[in-house]
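**Q** Shown below is the structure under consideration.
The values are calculated or read from the model by the stated rules, or taken from the named source; none is laboratory data. Source: prediction; values computed, not measured. Cβ placement follows ideal geometry from the backbone for every residue including glycine, while neighbour counts extend to all protein chains displayed. Each accessible area value is taken on the protein alone, full model and side chains, heavy atoms only, with ligands, DNA and RNA left out. Shrake-Rupley method; radii C 1.70, N 1.55, O 1.52, S 1.80 Å.
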Amino acid sequence: MGDDAVLEARGLTVRRGARVTLDALDLRVPAGCVYALLGGNGAGKTTTLNVFLGFVPAERGQALVDGIDASRHAQQARLRLAYLPENVALYPYLTGVENLRYFCMLSAIDLPKAQCRALLQAGGLGEDAHDRRVSGYSKGMRQKVGLAIAKARKATAMLLDEPTSGLDPAAAHAFAQSVLQARAEGMAVLMATHDLFNALQVADHIGILRDGRLVADFAARDVVHGELERIYLHHARGMPEGAAR
């Protein structure tokens, strides 16, 4: 990856009590790149995202967003970030358009309704859903609103936490296309996931975390699914290489 990193962890170390949850993590995500961070539960994936968001302080090292230290200047860093958690939090009694307008207003962006509809439509949310309450949306539909909010705010980087968990294959495919579109528009994407297939489908680079350490780091184009499964099980689960078929 190039030197123009939008997201960068430099020797990032986080401790919770006696436990080290991130151990000298180094990673770089330049503009127009999707980085998939794989690992089991408790590996440190979500902690990594939370440090970039400024929710968890670094004990040592830095989490940089466009060169801004997220631990020291959290609000400035967040202005450049879009964050999609596993379950996108929207206001259930507002419509898709109303949610998009409201979240943009929080960032001092006055978005006309026509532009809201265009963003939602471009993100794959059908016109018939624009004026329906979000309480009736599926998870995939909520994610499309979240992606529209990211585009409207002109974020330079996007953090995704288990984005395909609970999605059916069609919705997962649609989400992958939205991520690829964000990449094509120059956004840096850091995605924490268990989904090996989705990682290969959208990622340019893949890292594997185990006990807070980055134990593998490679270009996605260098592996196919079977190889990635073997690498993942070997590093993240401690299984011998070749155990997965």
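**Q** Can you give me the distance in nm between label points at Arg213 and Ser165, each placed 7 Å from the Cα along the Cα-to-Cβ direction?
**A** 2.6
**Q** Here is a follow-up. Among the lysines, select those whose C-alpha is under 22 Å from the C-alpha of Lys45, and discard any that sit fewer than 8 residues away in the same chain.
**A** By straight Cα distance, Lys45 reaches Lys139.
**Q** Another one. May I ask for the net charge around Thr156, where only other residues with Cβ less than 12 Å from the Cβ of Thr156 are counted and Lys, Arg are +1 while Asp, Glu are -1?
**A** +2
**Q** Next up: For the chain, give the magnitude of the charge dipole about the Cα centre (Cβ charges: +1 Lys/Arg, -1 Asp/Glu; no others), in debye to the nearest 20.
**A** For this selection, approximately 560 debye.
**Q** Also, quick follow-up: Packing-wise, with mean Cβ within 10 Å as the measure, how do 40-46, 197-203 rank, highest first?
**A** 197-203, 40-46
**Q** How many Å² of accessible area per residue for the chain, probe 1.4 Å?
**A** 46
**Q** Note down the relative contact order for the chain as a percent, whole number, built from C-alpha pairs under 8 angstrom at least six residues apart.
**A** Computed value for the chain: 25 percent relative contact order.
**Q** Ok, one more. Starting from 0.36 nm per residue, how many nanometres of slack lie between Glu86 and Ala108 once their C-alpha separation is accounted for?
**A** Values: separation 22, 0.36 × 22 = 7.92 nm, distance 2.57 nm.
Full extension from Glu86 to Ala108 adds 5.4 nm.
**Q** I need the phi-derived Karplus couplings for segment 35-48: 6.51 cos²θ - 1.76 cosθ + 1.60, θ = phi - 60°, integer Hz, Gly and Pro marked x.
**A** 10, 9, 9, 9, x, x, 4, x, 6, x, 5, 5, 4, 4
**Q** Averaged over all directions, how much area does the convex hull of the C-alpha atoms of segment 138-182 cover when projected, in nm²?
**A** Mean orientational projected area (segment 138-182, Cα hull): 3.0 nm².
**Q** Another question about this same structure. Note down, for segment 41-103, the three equivalent ellipsoid semi-axes (square root of 5 times each alpha carbon gyration tensor eigenvalue), biggest first, whole angstrom. Mind showing how you got there, number by number?
**A** Working: eigenvalues 143, 49, 12 Å².
Calculated on Cα positions only, the semi-axes equal 27, 16, 8 Å.
**Q** Next question, about the same structure. Quick one: net charge of Gly96's neighbours, Cβ under 12 Å, K/R +1, D/E -1?
**A** Surrounding charge for Gly96 is +3.
**Q** For Leu22, list long-range residues whose amide hydrogen, built 1.01 Å from N in the peptide plane, is under 5 Å from its own amide hydrogen.
**A** Val14
**Q** Based on the inverse mean of 1/r over its pairs of different Cα atoms, what is the Kirkwood hydrodynamic radius of segment 88-243, in Å?
**A** Result for segment 88-243 stands at 16.9 Å.
**Q** Leaving out ligands, DNA and RNA, and with a 1.4 Å probe, what % of the accessible surface on the chain is carbon or sulfur? All intermediate terms of the calculation are to be shown ahead of the outcome.
**A** Numbers: 5580 of 11380 Å².
Heavy-atom surface of the chain belonging to carbon and sulfur, 1.4 Å probe: 49 percent.
**Q** Here's something else I'd like to know. What Kirkwood Rh does segment 46-167 have if only Cα atoms enter the pairwise 1/r average? Answer in Å.
**A** Across segment 46-167, the inverse of the average 1/r is 15.0 Å.
**Q** Then there is this: Treating cross-link reach as a plain straight distance, find the aspartates and glutamates whose alpha-carbon is under 14 Å from the alpha-carbon of Lys154, omitting any fewer than eight places away in the same chain.
**A** Partners found: Asp66, Asp110, Glu185.
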